[in-house]
Amino acid sequence: MTLQSFFIGLALSLFGFSMVYKTDWYLGFMGLNEWAENKFGGGGTRLMYKLIGVGFCFFGILALTGQLNDLVGGVAGSVFGARLNK
């Protein structure tokens with residue numbers, strides 16, 4: 001884990017947390033999403049913003065702990081057939 005990945009992970013985690021905690025601000029800034037409202041029902045846009053925020057937190061924690069490269073390498077290796085050199 002490098003210092004750069006630590007700060008990137010911290011920034012991603014904080015951004016994701018702010019999306020979950022201040023969903024109404026993001027709703028006012030970006031507006032309603034018709035797809036989310038149709039698929040998830042009333043309040044679907046809020047749910048979508050919260051799910052995106054949780055995703056940012058997840059990937060931020062992975063970057064913070066240095067596990068993001070392993071996850072991306074493993075997924076890319078299984079999809080494209082590449083071998084990881086360890």
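What are the pairs with Cβ atoms under 7 angstrom where one residue, in segment 68-80, is within 21 Å of residue 7 (Cα to Cα) and the other, located anywhere, is modelled with pLDDT of 75 or more? Sequence gap at least six, or different chains.
Going by the 7 Å Cβ cut-off, the qualifying pairs are 68/59; 68/62; 71/62.
Take the residues of segment 37-56 that are in contact (Cβ under 8 Å) with a residue 24 or more places away in the chain and surrounded by fewer than 18 Cβ atoms within 10 Å (Cβ to Cβ): which is nearest to residue 19 (Cα to Cα)? Reasoning before the result, please.
First pass over segment 37-56, keeping only residues in contact (Cβ under 8 Å) with a residue 24 or more places away in the chain: 49-50, 52-56.
Narrowing the set further to residues that are surrounded by fewer than 18 Cβ atoms within 10 Å (Cβ to Cβ) leaves 50, 52, 54-55.
Values: 50: 6, 52: 8, 54: 8, 55: 10 Å.
The extreme case among them is 50.
The values are calculated or read from the model by the stated rules, or taken from the named source; none is laboratory data. Computed from a predicted model, the values in this text were never measured in an experiment. Ideal geometry is used to build each Cβ from the backbone, glycine not excepted, and the neighbour counts take in all protein chains shown.
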